[in-house]
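Provided herewith is a single structure, encoded as structure tokens, for subsequent inquiry.
Bear in mind these aren't lab numbers, they're just calculated from the coordinates by the rules spelled out. If you're wondering where the values come from, they're calculated on a predicted model, not measured in any experiment. Cβ atoms come from the backbone with ideal geometry, glycine included; neighbour counts cover every protein chain shown.
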């Protein structure tokens, strides 16, 4: 009997963790964006195809995200409630990057195939490059600084 109670508690607990993970980001319609956020979206999405919007809490504050495609590459932006642009993740071709940056990404990938590279810009400055990796059937993500060197902390 005790084992059944423990199992039931474990199932409930894991279910609540799943709900918490999924409740982090909520898909929304463009019509739900505050006016200041909409202004930033308009400015940042010139010539882009918008794929969708979401909202979530980050650091206790509500932020809005817009996913888009510009000239065939992805561009995701994060905007504060007041319309301030917090972050841009924009796909770049690895061979367009300086050689030291390419070398840093390849070294950090440790033999995995780099499938996508994005620049990460915060408050107008590129703070990192991140890459999606694939090794066998395992996917991962790595980051390096704008100079191709290891970061002191993840961005």
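Expected output is a single nm value to one decimal: the length gained when fully extending between residue 132 and residue 107, i.e. 0.36 nm times separation in residues minus the C-alpha distance. What is it?
Values: separation 25, 0.36 × 25 = 9.00 nm, distance 1.36 nm.
Taking residue 132 through residue 107 to full extension adds about 7.6 nm, to one decimal.
Using Stokes-Einstein with the Kirkwood hydrodynamic radius over Cα pairs, what translational diffusion coefficient do you get for the chain at 10 °C and a viscosity of 1.306 mPa s, in µm²/s rounded to a whole number?
Numbers: Rh = 17.8 Å.
Translational D for this selection: 89 µm²/s.
Continuing with the same structure: Which FRET efficiency value, to the nearest 0.05, do you get for residue 29 and residue 141 by plugging their Cβ-Cβ distance into 1/(1 + (r/R0)^6) with R0 = 35 Å? Can you show the working numbers first?
On the way: r = 29 Å, r/R0 = 0.82.
Computed FRET efficiency for residue 29 and residue 141 comes out at 0.75.
Where in segment 46-78 does the amide nitrogen come within less than 15 Å of the point 7 Å from the Cα of residue 91, taken along Cα to Cβ?
Answer for this model: 48-52, 67-77.
Here is a follow-up. Relative contact order for the chain: what is it in percent, counting Cα pairs under 8 Å that are at least 6 residues apart? Walk me through the numbers before you get to the answer.
Details: 257 pairs, mean separation 20.8, N = 155.
Worked out over the chain, it gives 13 percent.
Right, here's the next one. At a 10 angstrom cut-off on C-beta neighbours, averaged per residue, how do the peptides 68-76, 26-34, 112-120 rank from highest to lowest?
On the way: 68-76: 14.3, 26-34: 12.4, 112-120: 16.8.
With the highest mean Cβ count within 10 Å placed first, the list reads 112-120, 68-76, 26-34.
May I ask you to derive the relative contact order of segment 93-155, considering only C-alpha pairs under 8 Å and at least 6 residues apart, and to give it as an integer percent?
On the way: 102 pairs, mean separation 19.5, N = 63.
31 percent.
Would you calculate the separation in nanometres between label points at residue 114 and residue 58, each defined as 7 Å from the Cα along the Cα-to-beta-carbon direction?
2.3
Moving on. Can you give the calculated 222 nm mean residue ellipticity of the chain, where each DSSP H run of n ≥ 4 adds -39,500 (n - 2.57) and the sum is split over every residue, rounded to the nearest 500 deg cm²/dmol?
Dividing the helical sum by the residues of the chain leaves -8500 deg cm²/dmol.
For segment 25-86, what's the relative contact order in percent, using C-alpha pairs closer than 8 Å and at least 6 residues apart?
Answer for segment 25-86 is 33 percent.
When a/c is below 1.5 the answer is rounded, else prolate if a/b is larger than b/c, else oblate, so apply that to segment 93-155 with a ≥ b ≥ c taken from the square roots of the Cα gyration tensor eigenvalues.
prolate
Report, in cubic angstrom per residue, the convex hull volume of the C-alpha atoms of segment 37-125. It would help to have the intermediate numbers written out before the result.
Numbers: hull volume 11.1 nm³, N = 89.
Cα-based convex hull of segment 37-125, divided per residue, equals 124 Å³.
By how many nm would the segment from residue 155 to residue 73 lengthen if fully extended, with 0.36 nm per residue of separation less the alpha-carbon distance?
Numbers: separation 82, 0.36 × 82 = 29.52 nm, distance 2.12 nm.
Contour length minus the Cα-Cα distance gives 27.4 nm.
If you don't mind, another one. How many percent of all Cα-Cα pairs in segment 25-86 sit more than 13 Å apart?
Working: 1085 of 1891 pairs.
Everything past 13 Å amounts to 57 percent.
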